[in-house]
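All remarks here apply to the structure that follows.
The values are calculated or read from the model by the stated rules, or taken from the named source; none is laboratory data. The structure presented is a predicted model; accordingly, all values stated were derived computationally and were not measured. Note that each Cβ is placed from the backbone with ideal geometry, even for glycine, and that neighbours are counted across all protein chains shown. Protein only, heavy atoms only, side chains kept; ligands, DNA and RNA dropped before computing areas. Shrake-Rupley method; radii C 1.70, N 1.55, O 1.52, S 1.80 Å.
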Amino acid sequence: MGTADDTTGDEVPWGEVTPEAARKLLVAAVEAFAERGYHATTTRDIAGRAGMSPAALYIHYRTKEELLHRISRIGHERALEVLETAAARPGTPGERLADAVSSFVRWHAWRHDTARVVQYELDALSPEHRTEIVELRRRSGAVLRGVLREGVESGEFDVPDLPGTTLAVLSLCIDVARWFNTRGARTPEEVGALYADLVLRMVAARPAV
């Protein structure tokens, strides 16, 4: 996103969040959490970035943790949608795996601030909220594991350890958010293509039999 990480064409960053003041606070929180970390960020920091008073934040979010939960839920739902869309497209398991990995990596690159917050601030959530987000992460893993399983069953992939390989692929994709820089040598599309190729090599992809 351009502001708080929106560089993929959304007309308004986090446009699904209303009213406008709540959206501005969420955008400011993404920026602050990504830059300083959740624990080092104060509600005053967030309100200041949004051009509001600290008291204004509590009109829309009861606590800083509630704000993190809103960011985490929306971010994980978006990431899950990216995987589900790619996995549901026509094609061989290899084609859909490459598409899923490329799409997932591009999302984590383009939205690296958001992804850094939603992927690496999980332990700052309350137990109830953490359980909800872990379920969304489990669903993402299930989508990827399903494509890998189809590839194994068709003879296209050689994956002796399906759970372990699923975790390895997810970790590879997610870590892009930690290091990606829009001023770096590679674009999100280039990183996505590279990682798709690496994952196909990882699963020893070959034509379906």
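Would you mind calculating the relative contact order of region 1-160 from Cα pairs under 8 angstrom and at least 6 residues apart, reporting the percent as a whole number?
Numbers: 167 pairs, mean separation 41.0, N = 160.
In percent, rounded to a whole number, it is 26.
Where a ≥ b ≥ c are the square roots of the eigenvalues of the C-alpha gyration tensor, would you call region 71-209 rounded, which needs a/c under 1.5, or, failing that, prolate if a/b is larger than b/c, or oblate?
Working: a/c = 2.12, a/b = 1.38, b/c = 1.54.
Oblate, since a/c reaches 1.5 and b/c is not below a/b.
Enter the angle in degrees (range 0 to 90, nearest 10) between the Cα long axis of helix 162-174 and the first principal axis of the Cα atoms of the chain, meaning the one along which they spread out most.
Roughly 50 degrees between the two axes.
Going by alpha carbons, how many degrees (0 to 90, nearest 10) lie between the helix axis of 20-36 and the longest principal axis of the chain?
It works out to around 70 degrees.
Taking 0.36 nm per residue of separation and subtracting the Cα-Cα distance, what length does fully extending Arg183 through Thr42 add?
Length gained, Arg183 through Thr42: 47.9 nm.
Per residue, how large is the accessible surface of the chain? Use a 1.4 angstrom probe and give square angstrom.
With all protein chains present, the chain gives 48 Å² per residue.
For helix 188-202, what angle does its Cα long axis make with the longest principal axis of the chain, in degrees from 0 to 90 and rounded to 10?
Its long axis makes an angle of about 40 degrees.
Counting other Cβ atoms within 10 Å of each Cβ, which trypsin sites (Lys or Arg not before Pro) in region 104-194 have at most 13 and sit in a DSSP loop?
When the trypsin sites (Lys or Arg not before Pro) of region 104-194 are filtered for loop state and at most 13 Cβ neighbours within 10 Å, Arg183, Arg186 remain.
What does the C-alpha gyration tensor say about the overall shape of region 40-129? Classify as rounded when a/c is under 1.5, otherwise prolate if a/b is larger than b/c, or oblate.
Prolate.
Peptides 159-165, 98-104, 72-78: what's the order by average Cβ count within 10 Å, highest mean first?
98-104, 72-78, 159-165
Semi-axes of region 17-68's equivalent ellipsoid from the Cα gyration tensor, sqrt of 5 times each eigenvalue, largest first, rounded to whole Å?
15, 11, 10
How much of the accessible area of region 12-59, in percent, comes from carbon and sulfur atoms when a 1.4 Å probe is used?
Using a 1.4 Å probe with all protein chains present, region 12-59 comes out at 54 percent carbon and sulfur.
What is the dipole size for region 84-209, taken about its Cα centre, with +1 at each Lys and Arg Cβ and -1 at each Asp and Glu Cβ, in debye to the nearest 20? Could the numbers behind the result be given before it?
Details: 16 positive and 18 negative charges, 44 e Å.
Magnitude of the dipole: close to 220 debye.
Which percent of the accessible area of region 64-197 is formed by carbon and sulfur heavy atoms (probe 1.4 angstrom)?
Whole-percent figure for carbon plus sulfur exposure: 51.
Calculated from DSSP H runs of 4 or more alone, at -39500 (n - 2.57) each and per residue, what is the 222 nm mean residue ellipticity of the chain, nearest 500?
That comes out to -22000 deg cm²/dmol.
Assuming a ≥ b ≥ c are the square roots of the Cα gyration tensor eigenvalues, decide whether region 150-209 counts as rounded (a/c under 1.5), prolate (otherwise, with a/b larger than b/c) or oblate.
It is oblate, given that a/c is not under 1.5 and a/b is not larger than b/c.
Positive end of the charge dipole of the chain (Lys, Arg +1 and Asp, Glu -1 on Cβ, about the Cα centre): tell me which of Val147, Ala29, Ala88 has its Cα farthest that way.
Positive-most Cα among the choices belongs to Ala29.
Take each of the peptides 53-61, 198-206, average the number of other beta-carbon atoms within 10 Å over its residues, and list them starting from the highest.
Packing proxy ranking, top to bottom: 198-206, 53-61.
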